[in-house]
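Heads up, the thing below is written out as structure tokens.
The values are calculated or read from the model by the stated rules, or taken from the named source; none is laboratory data. Note that the coordinates shown come from a computational prediction; the quantities given were computed from them, not determined experimentally. All Cβ positions, even for glycine, are placed from backbone atoms using ideal geometry, and neighbour counts span all protein chains on display. Ligands, DNA and RNA are excluded from the accessible area calculation, which covers all protein heavy atoms including side chains. Shrake-Rupley method; radii C 1.70, N 1.55, O 1.52, S 1.80 Å.
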Amino acid sequence: MQTVIHIVSGDEAEQETGLKIARNLIEDESGDIDDVAIVAQSKGIAAVTSGGDAADQVESLLSDGVSFSACSNTLAAMDLEESDLIEGVETVPEGAVEVTRLQSEGYAYLRP
């Protein structure tokens, strides 16, 4: 099974919930989870910005194999650069398109 978590809210509690869900999925002992991806866009981009409150959690999840994508449109709209992201977070042209692409590949969609 594969899961994509879509983080779009600026609410820190929702961002935290999304990251906790990712942690729970990769620590699932059933062995049924093959891949976990997180796509951040809109105000949710704060979750993957270096120096942010969630940076340690994101770095830990990255080291455990969770993939992170940040929306390039959001970066441009918020005057952010790729260098503002936590190392290891990839960029995609459009977050919604990335979520749709992953869903078409069989990823289950979760939004905290």
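Taking the Cα centre of segment 24-112 as the origin, how large is its charge dipole in debye, to the nearest 20, when only Lys and Arg (+1) and Asp and Glu (-1) carry charge on their Cβ atoms?
440
Carbon and sulfur atoms: what percent of the 1.4 Å accessible area of the chain do they account for?
C and S atoms contribute 44 percent here.
Within segment 11-112, report the trypsin sites (Lys or Arg not before Pro) that DSSP leaves as loop and that have at most 15 other Cβ atoms within 10 Å.
Filter output for segment 11-112: empty list.
At a Förster radius of 30 Å, what calculated FRET efficiency corresponds to the Cβ-Cβ distance of Ser104 and Ala77, to the nearest 0.05?
E between Ser104 and Ala77, to the nearest 0.05, is 0.75.
From Cα pairs below 8 angstrom and at least 6 apart in sequence, can you work out the relative contact order of the chain, rounded to a whole percent?
35
Return one quarter of the surface area of the convex hull spanned by the alpha-carbon atoms of the chain, equal to its mean projected area, in nm².
Reported value for the Cα convex hull: 6.1 nm².
Per 0.36 nm of contour for each residue apart, how much would the distance between Ala13 and Asp32 grow if the chain were fully extended, relative to their Cα-Cα spacing?
Stretched out fully, the Ala13 to Asp32 stretch lengthens by 4.1 nm.
Of the DSSP beta bridges with both residues in the chain, give the percent that are antiparallel, rounding to the nearest 5.
Beta bridges within the chain, antiparallel portion: roughly 5 percent.
Suppose we keep just the alpha-carbon trace of segment 14-79; what are its Rg and Dmax in angstrom?
When restricted to Cα atoms, segment 14-79 yields Rg and Dmax of 12.4, 42 Å.
How do 74-80, 25-31, 91-97, 56-62 rank on mean C-beta neighbours within 10 Å, highest first?
Highest to lowest by the protection proxy: 56-62, 91-97, 74-80, 25-31.
Taking only protein heavy atoms and a 1.4 Å probe, what accessible area per residue, in Å², does segment 13-112 have with all protein chains in place?
It amounts to 54 Å² per residue over segment 13-112.
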